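Colleague: Sharing a structure here in structure tokens format.
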Amino acid sequence: MRRTKVAVSGIALLAAAAMVLTACGSSTDNGETTSSSSETAQSSDTGAGESSASSEPSSSSSEAPSSSAAGDSTAIIKVNGSEPENKLIPTNTNEVGGGKILDSIFAGLAYYDGSGKLVNDLADSITVDDATDLTVKLKGDSKFTNGQPVTADSFIKAWQYGALFSHKQLNQSWFTDIEGFDAEKDSELTGLKKVDDNTFTIKLNAPVANDFAQRLGYSAFYPLPDVAFDDMDAFGENPIGNGPYMLKGDGAWQHDVQIDLVTNPDYNGGRKAANGGLTIVFYASQDAAYSDLLSNNLDVDDAVPASAFATFQQDLGDRAVNQPAAIFQSFTLPKDLAHFTGQEGVLRRQALSMAINRDQITKVIFNGTRTPASDFTTPVIDGWSDSLAGADVLKFDEAKAKDLWAQADAISKWSGTFQIAYNSDGGHQPWVDAVANSLKNTLGIDAAGKPYVDFATLRKDVNARTIKTAFRTGWQADYPSQYNFLQPLYGTNASSNDGDYSNPAFDKLLADGASASDATAATADYAKAQELLLKDLPAIPLWYSNVTGGYAEGVSNVTFGWNSVPLYYQITKG
């Protein structure tokens, strides 16, 4: 879905025999203003086990919000967003537009604070009993906005729904590790057992309990009220949640315009809203949003357009944000795209990658707000390396690119135009044109962008596997881990594996890393897995993104979290 971190490594403490995340009461998260499941509509694009003994937020002064002004607690904060791809159902949303909303209106077992640290929300404790077993105890004091108490059943039923094969949920693969999961036919998650109203256990089919616990802050694991199962489609249009905000009422979601949220007075977790609500505006372009920000008609913008990269810090002064984020950008080629299968495909994929002058594009187009990629993750995730075997394929080499393309032509002569599809509402045209020009000038082929009117339309074709060109892809981490950058995008049958890549050796290395007994061993497994990706290139890595944003005059307490999304509940104005 959506996902960059400078915080605790998700795998740093895997050696511990058990993990208990203790309750943190209702203290407000003062998340670090650093940089994060999944794909996003904007060019600033949208995912291991932790054995921390406590989920208390850090008291470091570096995690303080941008200002301490109290502001008007009834003020509505106006922020930028994008029209969700699907109805607002947690198990069927894996992009940033919908994810921002779901994270605002739902509360799960835990959430990630500004630095990426897992903090208990509804959970009193999440205990790793052994490598395949966890026990969850709820605080027992939460309810949905329709008055129904949130119980163990609320989680179990929601997860069962999301995992069921026939429901075809986009986040179905998040439940793969639970005993009973079946990716080919309907099957009950037998690993979920209710102990009492506030306690349930999770039995896994692989020894990845530490990593699984770290995933539980992601939206796929949110609870659902009973009414959702009466008509899930209708529920997704007007969802009933239990988080810091709720929909203002029927019709609060005005498609392709905005969605209006107000505070939920019954939410008592660590994300208690300091404002009166949110209006999330679905802008048709990043330039339109930025124009509104400059005129103080938008309170917070997390996606400065490419056209303003050279000036936004001067425009906004100390209200500008430019910080590392857990965001990786690429373009993906469909598995069976003509001329890109077999040995010919291997050669052409390598040629494309080496024909892209990433250094020049990130400097000229992005004014230094991007860094050329040297792997498939991001530097803000622990374990990142810029010296993986095979990473030379990500460096510009005109002579080598020409030679590889010629070798591919000897197998089957190239014809036609190489296209990269992108959504026109996300500010992607400048870099797509630059990449196309780099391919054209280096390889001597016709290359161009293929614009789609908006993100939802592009994703519809990608998800239906009807797209017949390369297409832009990006990942904004769901939780702080290398595993989250690798498994959802390239694991066999994974939820966001848009190129349908499948390599049993890759899958095994990921499983080995997720079950490793220490961080060093896990990092080594993930490095070997990436070396396979560098050979196969199911996607062409481009660059890592900073989050580039800002806020209007009179707005305070603005913190951009580890995943690049503002902590909306902290923001005040007036």
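Colleague: Specify the residue that is nearest to ILE76 (Cα to Cα); the eligible residues are those in the stretch 533-574 that are small (Gly, Ala, Ser) and surrounded by fewer than 24 Cβ atoms within 10 Å (Cβ to Cβ). If you could, list the steps in order and put the result at the bottom.
Modeller: First, the residues of the stretch 533-574 that are small (Gly, Ala, Ser): 539, 545, 549-550, 552, 554, 556, 561, 564, 574.
Now restrict to residues that are surrounded by fewer than 24 Cβ atoms within 10 Å (Cβ to Cβ): 552, 554, 556, 574.
On the way: ALA552: 13, GLY554: 13, SER556: 13, GLY574: 10 Å.
Among residues in the stretch 533-574 that are small (Gly, Ala, Ser) and surrounded by fewer than 24 Cβ atoms within 10 Å (Cβ to Cβ), the one nearest to ILE76 (Cα to Cα) is GLY574.
Colleague: Taking the stretch 535-570 as the region of interest, how many residues are among the β-branched types (Val, Ile, Thr) and in contact with a Leu (Cβ under 7 Å, 6 or more places away or on another chain)? Lay out the reasoning, then the answer.
Modeller: Narrowing the stretch 535-570 to residues among the β-branched types (Val, Ile, Thr): 540, 547-548, 555, 558-559, 565.
Filter again for in contact with a Leu (Cβ under 7 Å, 6 or more places away or on another chain), leaving 540, 559.
The total comes to 2.
Colleague: Taking the condition in a loop (DSSP other than H, G, I, E, B) and of a type in the set (S, T, N, Q), does SER438 pass?
Modeller: On the way: in a loop (DSSP other than H, G, I, E, B): no; of a type in the set (S, T, N, Q): yes.
No.
Colleague: Does the stretch 363-380 contain at least one residue that is on the phi > 0 side of the Ramachandran plot, under 23 Å from the mean Cα position of the chain (by Cα) and not basic (Lys, Arg)? Break it down stepwise before answering.
Modeller: Taking the stretch 363-380 first, the residues on the phi > 0 side of the Ramachandran plot are 367-368.
Still in the running and under 23 Å from the mean Cα position of the chain (by Cα): 368.
Filter once more, so that each one left must be not basic (Lys, Arg): 368.
Looking through the stretch 363-380, at least one residue is on the phi > 0 side of the Ramachandran plot, under 23 Å from the mean Cα position of the chain (by Cα) and not basic (Lys, Arg).
Colleague: Out of all the residues in the stretch 540-563, is one or more part of a helix (DSSP H, G or I), in contact with a Gly (Cβ under 9 Å, 6 or more places away or on another chain) and at pLDDT 95 or above?
Modeller: Initial filter on the stretch 540-563 (part of a helix (DSSP H, G or I)): none.
No, the stretch 540-563 contains no residue that is part of a helix (DSSP H, G or I), in contact with a Gly (Cβ under 9 Å, 6 or more places away or on another chain) and at pLDDT 95 or above.
Colleague: Within the stretch 245-270, which residues are among the aliphatic types (A, V, I, L, M) and closer than 21 Å to GLU85 by Cα?
Modeller: Initial filter on the stretch 245-270 (among the aliphatic types (A, V, I, L, M)): 246-247, 252, 257, 259, 261-262.
Residues satisfying the conditions are MET246, LEU247, ALA252, VAL257, ILE259, LEU261.
Colleague: Same structure again: Among the residues in the stretch 436-457, are any crowded, with 18+ Cβ neighbours inside 10 Å, polar (S, T, N, Q), in contact with a Lys or Arg (Cβ under 8 Å, 6 or more places away or on another chain) and under 23 Å from ALA355 (Cα atoms)?
Modeller: yes
Colleague: Also, quick follow-up: Being modelled with pLDDT under 95 and out of contact with any strand residue (DSSP E or B) (no Cβ under 6 Å at 6 or more places or on another chain) narrows it down to one residue among ALA206, ALA213, ALA158; which is it?
Modeller: Working: ALA213 fails: out of contact with any strand residue (DSSP E or B) (no Cβ under 6 Å at 6 or more places or on another chain); ALA158 fails: modelled with pLDDT under 95.
ALA206 is the lone residue from the list that is modelled with pLDDT under 95 and out of contact with any strand residue (DSSP E or B) (no Cβ under 6 Å at 6 or more places or on another chain).
Colleague: All but one of (1) more than 21 Å from ASP315 (Cα to Cα); (2) buried (at least 22 other Cβ atoms within 10 Å of the Cβ) hold for THR520; state the number of the condition that does not hold.
Modeller: Among (1) more than 21 Å from ASP315 (Cα to Cα); (2) buried (at least 22 other Cβ atoms within 10 Å of the Cβ), THR520 violates only (2).
Colleague: May I pose another question? Go through the stretch 326-374 and count every residue that is among the β-branched types (Val, Ile, Thr), farther than 21 Å from VAL462 by Cα and either at pLDDT 95 or above or in contact with a strand residue (DSSP E or B) (Cβ under 6 Å, 6 or more places away or on another chain) (or both).
Modeller: Taking the stretch 326-374 first, the residues among the β-branched types (Val, Ile, Thr) are 327, 332, 341, 346, 356, 361-362, 364-365, 369, 371.
Right, trim to farther than 21 Å from VAL462 by Cα and you get 346, 356, 361-362, 364-365, 369, 371.
Right, trim to either at pLDDT 95 or above or in contact with a strand residue (DSSP E or B) (Cβ under 6 Å, 6 or more places away or on another chain) (or both) and you get 346, 356, 361-362, 369, 371.
Number satisfying all stated conditions: 6.
Colleague: Of the residues ASP318, ASP336, ASP375, which single one is farther than 15 Å from TRP543 by Cα, among the acidic types (Asp, Glu) and assigned to a loop (DSSP other than H, G, I, E, B)? Walk me through how you get there before you give the answer.
Modeller: On the way: ASP318 fails: assigned to a loop (DSSP other than H, G, I, E, B); ASP375 fails: farther than 15 Å from TRP543 by Cα.
One residue alone meets the criteria, ASP336.
Colleague: List, please: which pairs have Cβ atoms under 7 Å, are six or more places apart or on different chains, and start with a residue in the stretch 280-304 that is over 12 Å from THR548 (Cβ atoms) and end with one that is at pLDDT below 95 and of a type in the set (D, E, K, R)?
Modeller: Correct list of pairs: ALA284/ASP425; SER285/ASP425.
Colleague: Regarding ASN497, is this residue surrounded by fewer than 22 Cβ atoms within 10 Å (Cβ to Cβ), within 19 Å of the chain's Cα centre (by Cα), part of a loop (DSSP other than H, G, I, E, B) and modelled with pLDDT of 95 or more? Show your work before the answer.
Modeller: Numbers: surrounded by fewer than 22 Cβ atoms within 10 Å (Cβ to Cβ): yes; within 19 Å of the chain's Cα centre (by Cα): yes; part of a loop (DSSP other than H, G, I, E, B): yes; modelled with pLDDT of 95 or more: yes.
For ASN497, the condition - surrounded by fewer than 22 Cβ atoms within 10 Å (Cβ to Cβ), within 19 Å of the chain's Cα centre (by Cα), part of a loop (DSSP other than H, G, I, E, B) and modelled with pLDDT of 95 or more - is met.
Colleague: Ok, one more. Report the residue count in the stretch 245-272 for those that are touching a strand residue (DSSP E or B) at 6+ places or on another chain (Cβ under 7 Å) and closer than 27 Å to LEU109 by Cβ. First the steps, then the outcome.
Modeller: Residues of the stretch 245-272 that are touching a strand residue (DSSP E or B) at 6+ places or on another chain (Cβ under 7 Å), as a first pass: 245-248, 252-253, 256-264, 266, 270-271.
When the remaining residues are screened for being closer than 27 Å to LEU109 by Cβ, the result is 245-248, 252-253, 259, 261-264, 266, 270-271.
Number satisfying all stated conditions: 14.
Colleague: Follow-up question, since we're still on this one. Every residue in the stretch 282-297 that is over 14 Å from VAL257 (Cα atoms) and either among the hydrophobic types (A, V, I, L, M, F, W, C) or outside any helix (DSSP H, G or I) (or both), please.
Modeller: If the condition is that a residue be over 14 Å from VAL257 (Cα atoms) and either among the hydrophobic types (A, V, I, L, M, F, W, C) or outside any helix (DSSP H, G or I) (or both), then LEU293, LEU294, SER295, ASN296, ASN297 are the ones that fit.
Colleague: Test ALA406 against the stated conditions and say whether it is under 17 Å from GLN343 (Cα atoms) and either of a type in the set (A, V, I, L, M) or in a helix (DSSP H, G or I) (or both).
Modeller: Working: under 17 Å from GLN343 (Cα atoms): yes; either of a type in the set (A, V, I, L, M) or in a helix (DSSP H, G or I) (or both): yes.
So ALA406 passes the test.
Colleague: Checking GLN314 against (1) over 30 Å from LYS573 (Cβ atoms); (2) surrounded by fewer than 15 Cβ atoms within 10 Å (Cβ to Cβ), which single condition isn't satisfied?
Modeller: Failed condition: (1).
Colleague: Still on this structure: Going by the conditions given, is LYS400 among the basic types (Lys, Arg) and in a loop (DSSP other than H, G, I, E, B)?
Modeller: Values: among the basic types (Lys, Arg): yes; in a loop (DSSP other than H, G, I, E, B): no.
Spelling it out, it is not the case that LYS400 is among the basic types (Lys, Arg) and in a loop (DSSP other than H, G, I, E, B).
Colleague: Let me ask another. Of ASN146, ASN80, ASN171, ASN92, which residue is more than 21 Å from LEU216 (Cα to Cα), within 19 Å of the chain's Cα centre (by Cα) and among the polar types (S, T, N, Q)? Even if it seems obvious, please write down each step before you answer.
Modeller: Numbers: ASN146 fails: within 19 Å of the chain's Cα centre (by Cα); ASN171 fails: more than 21 Å from LEU216 (Cα to Cα); ASN92 fails: more than 21 Å from LEU216 (Cα to Cα).
Being more than 21 Å from LEU216 (Cα to Cα), within 19 Å of the chain's Cα centre (by Cα) and among the polar types (S, T, N, Q) holds for just one of ASN146, ASN80, ASN171, ASN92, which is ASN80.
Colleague: Suppose we keep only residues that are hydrophobic (A, V, I, L, M, F, W, C), touching a helix residue (DSSP H, G or I) at 6+ places or on another chain (Cβ under 7 Å) and at pLDDT 95 or above within the stretch 129-155. Which one would you say is surrounded by the most Cβ atoms within 10 Å (Cβ to Cβ)? Spell out how you get there, then give the answer.
Modeller: Residues of the stretch 129-155 that are hydrophobic (A, V, I, L, M, F, W, C), as a first pass: 131, 134, 136, 138, 144, 150, 152, 155.
Those left that are additionally touching a helix residue (DSSP H, G or I) at 6+ places or on another chain (Cβ under 7 Å): 131, 134, 138.
Adding the requirement that they be at pLDDT 95 or above leaves 134, 138.
On the way: LEU134: 22, LEU138: 25.
Looking at the filtered set, the residue picked out is LEU138.
Colleague: Look through the stretch 144-194, keep the residues that are assigned to a loop (DSSP other than H, G, I, E, B) and aromatic (Phe, Trp, Tyr), and return whichever of them is farthest from GLY241 (Cα to Cα).
Modeller: Within the stretch 144-194, the subset assigned to a loop (DSSP other than H, G, I, E, B) is 144-148, 150-151, 164, 168-171, 176-177, 179-191.
So of that shortlist, the ones also aromatic (Phe, Trp, Tyr) come out as 144, 181.
Working: PHE144: 5, PHE181: 26 Å.
Ranking the candidates gives PHE181 first.
Colleague: Output the residues belonging to the stretch 500-516 that are part of a helix (DSSP H, G or I) and in contact with a helix residue (DSSP H, G or I) (Cβ under 7 Å, 6 or more places away or on another chain). Talk me through it step by step, then tell me what you get.
Modeller: Of the stretch 500-516, the ones part of a helix (DSSP H, G or I) are 504-514.
Result: ALA505, PHE506, LEU509, LEU510, ASP512, GLY513, ALA514.
Colleague: From (1) within 15 Å of THR151 (Cα to Cα); (2) of a type in the set (S, T, N, Q); (3) touching a Gly at 6+ places or on another chain (Cβ under 6 Å), pick out the condition that doesn't hold for SER187.
Modeller: Failed condition: (1).
Colleague: Take SER142 and decide whether it is in contact with a Pro (Cβ under 9 Å, 6 or more places away or on another chain) and closer than 26 Å to ASN86 by Cβ.
Modeller: yes
The values are calculated or read from the model by the stated rules, or taken from the named source; none is laboratory data. All of these numbers come straight from a predicted model, not from anything done at the bench. Glycine also receives a Cβ, built like all others from the backbone with ideal geometry; neighbour counts cover every protein chain displayed.
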